[in-house]
Every structure is written in structure tokens, then in C-alpha cells.
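J.: Pasting a structure here, questions to come.
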Amino acid sequence: MPELERILQKITLVILDMDGVIYRGNRPIEGAARAVAFLRGLGKKVVFLTNNSENSRAYYVQKLRRMEIPVGEKDVITSGQIAADYIRRRDPQAKVFVIGGEGLVEEISSAGLRLVPPEKAAYLVVGIDQSLTYEKLKDGLRALLSGAKFIATNLDRVYPTEHGFLPGAGAIVAALERSSGRRPDVVIGKPSPHMILYVLRSLRTKPGETVIIGDQIETDIKAGKRTGLFTILVLSGVATEEDVRKIKGTKNAPDCVLGSLAEVVR
């Protein structure tokens, strides 16, 4: 694979999506751990980046370690973490109402931001929430109608699991958009550049020295293209060969397409 070899020669940092690249749900994708070890053996820095804000960084560290991928919290970056950082930089005393999982709530609290009832919130932060109820949607609408800024961790339609696709955070955001008549003021996750720029700034790495490897054209590949990274699409998650054919020759076509991360080794 001449294109893959060319990319690996030029880069120092590998940004790996997780859902659909490293695992599907709780089932590791064959060869992913070996591929991570191979990239590290080449001297590449590897970080794990996910739009999924449901869980904490500590959770993902343990999950990856169970899959025989040794990592620390500094190697994992979530959209919830970046959302908290985004708000804290602008308003360190911000009052926030959250629709999302425990990981998102933890990131908001750890950033020193105040969790408040919806009618008192200056910010509504919305992520994936597998415990979503009508009451939560009602509270989210109340926050928006009270003037809260609308922050979405990501707009993923679905995410892959070992049992097939499940609704993503975008489905929840869409319900609030429809009921409030408002679109998010800010979208943190891919394809928005916020997460990529955070990684580049934190690791002091240039776009031309970085590759992103992901399973979705609409998020991972578009994010990479928007920020000047090399892009590798794997077909082990959401994207299909038909999706690749549709974008061939367009600005969103990935630099390289692999069946799975395992092919990096070959």
C-alpha cells in the first residue's frame, strides 16, 4: 500500500477514533491492539479520540487496557472533556445543565463548572444519553427557552456496537432542535475542528505531521480534511465500500482506505 507507507513516513502523531476502529461495543476488533503496538513501535505518538461523551476518560482507559492496549488518561480525549474545556475558557463560573451520561457530567464538574436546574442554566450541554427520558427532553427545552447557550458534544446519527447500530447523540440534539427551533450554538465533536485543534495544541504537533484514522466519513474524515491532517478510513465500523465509491474524487475522499486497523501492520 504505497499511500499508507507514504503517510506513515511523514507523520509523528496518530489520532485514533475508538468506536468502529478499536472496538464495536465491548467487542475488540481483531488486530487493533497489534496495530496500536506496531504504530508505537514505529515511534509514533498515539492518542485515542472519541465523539462519545457518555463515559469518563478513566472508563475508556480501563476498557482499552482490557483489550490489551496500554494507555493512560492523557492518551484519551473525549468530546465531553473538550466541551467542558470550551465552556471553562469562556466562563469559569458557568452554570450548566447536562443531558448526557455520567462521563459528561463528571467532565463538567471536574472543570469547576456548576451543575444547576435547567431554568438557571447559562449553558445546555447535550451528549449521548442511554437513560434519556421525556423528562430530560422537557428540561432541555426549558433551558433553551430560558436562553441557555446550546452546546452539542457531537451530532453522530448512530454509533456501532457488537449488536449493530444504536442512535447517537445527534438524535437527541435533533429532538431539541425541532422542539426549540434552535440549532446548537457550538458543536464540539468531529467534524467540527474543536477536538482536532485541541489535540494539536496540547501535543504541539503540526497538521502535516498528523493522521486521523476513523470509521466515519461524516465525522472523522471531514474533521481531518478541515484541519489539514492525513486521513485514513477503516471499513470496520459505519462506513461501507459504497460510501467510499460515492465520495471518490471529492474533497472528502480519504487519503487511504483500509478494511480495518489491522491492515496498518501489513
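The values are calculated or read from the model by the stated rules, or taken from the named source; none is laboratory data. Keep in mind that what you see is a predicted model, and the values were worked out from it rather than measured. Ideal geometry is used to build each Cβ from the backbone, glycine not excepted, and the neighbour counts take in all protein chains shown.
J.: Which of (1) out of contact with any strand residue (DSSP E or B) (no Cβ under 9 Å at 6 or more places or on another chain); (2) at pLDDT 95 or above; (3) not assigned by TED's automatic domain parsing to the domain that holds P117 does A175 not meet, given it meets every other one?
T.: (3)
J.: E135 fails exactly one of the following numbered conditions: (1) more than 20 Å from the chain's Cα centre (by Cα); (2) surrounded by 19 or more Cβ atoms within 10 Å (Cβ to Cβ). What is the number of that condition?
T.: (2)
J.: Name, by its number, the condition in (1) not aliphatic (A, V, I, L, M); (2) not in a loop (DSSP other than H, G, I, E, B); (3) not assigned by TED's automatic domain parsing to the domain that holds A122 that does not hold for T205.
T.: (2)
J.: Right, something else. Among the strands (runs of 3 or more DSSP E) lying completely within the range 1-81, list those that include at least 1 residues that are aromatic (F, W, Y).
T.: Here the list reads 45-50.
J.: Still on this structure: Just wondering, is there one or more residues in the range 114-122 that are closer than 19 Å to G189 by Cβ and not assigned by TED's automatic domain parsing to the domain that holds R27?
T.: no
J.: Residue by residue through the range 217-237, note down the ones that are of a type in the set (A, V, I, L, M) and touching a helix residue (DSSP H, G or I) at 6+ places or on another chain (Cβ under 8 Å).
T.: If the condition is that a residue be of a type in the set (A, V, I, L, M) and touching a helix residue (DSSP H, G or I) at 6+ places or on another chain (Cβ under 8 Å), then I217, A223, L229, I232, L233, V234, L235 are the ones that fit.
J.: Looking at G237, G249, G224, which one is crowded, with 20+ Cβ neighbours inside 10 Å, assigned to a loop (DSSP other than H, G, I, E, B) and not hydrophobic (A, V, I, L, M, F, W, C)?
T.: On the way: G249 fails: crowded, with 20+ Cβ neighbours inside 10 Å; G224 fails: assigned to a loop (DSSP other than H, G, I, E, B).
Going through G237, G249, G224 in turn, the sole match is G237.
J.: Residues in the range 190-202 that are in contact with a strand residue (DSSP E or B) (Cβ under 9 Å, 6 or more places away or on another chain), closer than 19 Å to I232 by Cβ and not in a helix (DSSP H, G or I): how many?
T.: Counting residues in the range 190-202 that are in contact with a strand residue (DSSP E or B) (Cβ under 9 Å, 6 or more places away or on another chain), closer than 19 Å to I232 by Cβ and not in a helix (DSSP H, G or I) gives 1.
J.: Another question about this same structure. Name every residue in the range 1-19 that is modelled with pLDDT of 95 or more and under 18 Å from the mean Cα position of the chain (by Cα), in order of residue number.
T.: L13, V14, I15, L16, D17, M18
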